[in-house]
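Rule-based calculations on the coordinates, nothing more; no lab input. What you are looking at is a predicted structure, and each value in this text was computed from that prediction instead of being measured. Neighbour counts are summed over all protein chains in view; Cβ atoms, including those assigned to glycine, are modelled from backbone coordinates with ideal geometry.
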């Protein structure tokens, strides 16, 4: 009896110790908006209904995607977002600018802890998956019907999202092509599209190769598995 009690006590002790260590590890992650964009850099992001913020924030928020610098792409976490930042809508010429009313962040615990940065818009109503940027992007444009058809020929992904019972599978979800560009000016199209994951949907930029494959340049999904 005493041995059994000792084993249970030891197990509880170690579980408690692991919990304390986990809490301490979480407290070591600090998210700060402390980076400044350089004059020649362009920050690009997309609007996205963040499930971690819902229902407190029901409207799409800005999720940072990349920085364009010297005709190349760089992944960015978004720690340069700031209140009052003015952004352009490169694919929506009829509504040229939007402003960020609040820049926030939180710690995501999927895998190693990391910071997720987001921006709330001063005016609601931005459709989900709208591309926004700090400056105009000259070569970025909406895809033509021919480009859209070709994209789905080289990207045949269709994923059933979420958890479901056998025999009750939901319809599979395909990527949605949002824009095309040739920012690096190598005469090979860059495709900007949504990408489904098991528990969420992210945003990807990929370039078509000579063998008609897609070479991923940048991808972002704030809370994906």
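Quick notes on this structure:
- C-alpha long axis of helix 145-154 to longest principal axis of the chain, angle in °: 40
- The sum of -39500 (n - 2.57) across all DSSP H runs of n ≥ 4, divided by the residue count of the chain, sets its helix-only mean residue ellipticity at 222 nm to -5500 deg cm²/dmol.
- Within a Gaussian network of the chain (alpha carbon springs, distance under 10 Å), most fluctuating of 100, 57, 68: 57
- Cα centroids of the stretch 170-225 and the stretch 93-131: 19 Å apart.
- Recomputing Rg and Dmax of the Cα atoms in Å from the coordinates shown identifies the correct label among (i) 24.7, 82; (ii) 22.6, 77; (iii) 21.3, 77 as (iii).
- Relative contact order computed over the stretch 145-220 (Cα-Cα under 8 Å; 6+ residues apart), in percent: 23
- Principal-axis tilt of helix 2-27 within the chain, Cα atoms, nearest 10 degrees: 30
- Alpha-carbon spread of the stretch 83-203, three principal axes, descending order, Å: 48, 40, 28
- Listed from fewest to most Cβ neighbours within 10 Å, the set 219, 168 follows the order 168, 219.
- Most mobile listed residue (206, 103, 56) in the chain, GNM with C-alpha springs under 10 Å: 56
- Alpha-carbon radius of gyration plus Dmax, which is the widest Cα pair, for the stretch 42-133 in Å: 13.0, 42
- Relative contact order (%) - the chain, alpha-carbon pairs under 8 angstrom, separation at least six: 16
- Order of 136, 200 - criterion: other Cβ atoms within 10 Å of each residue's Cβ, fewest first: 136, 200
- Among 126, 153, 41, residue whose mean-square fluctuation peaks in a GNM of the chain (springs only between Cα atoms under 10 Å): 153
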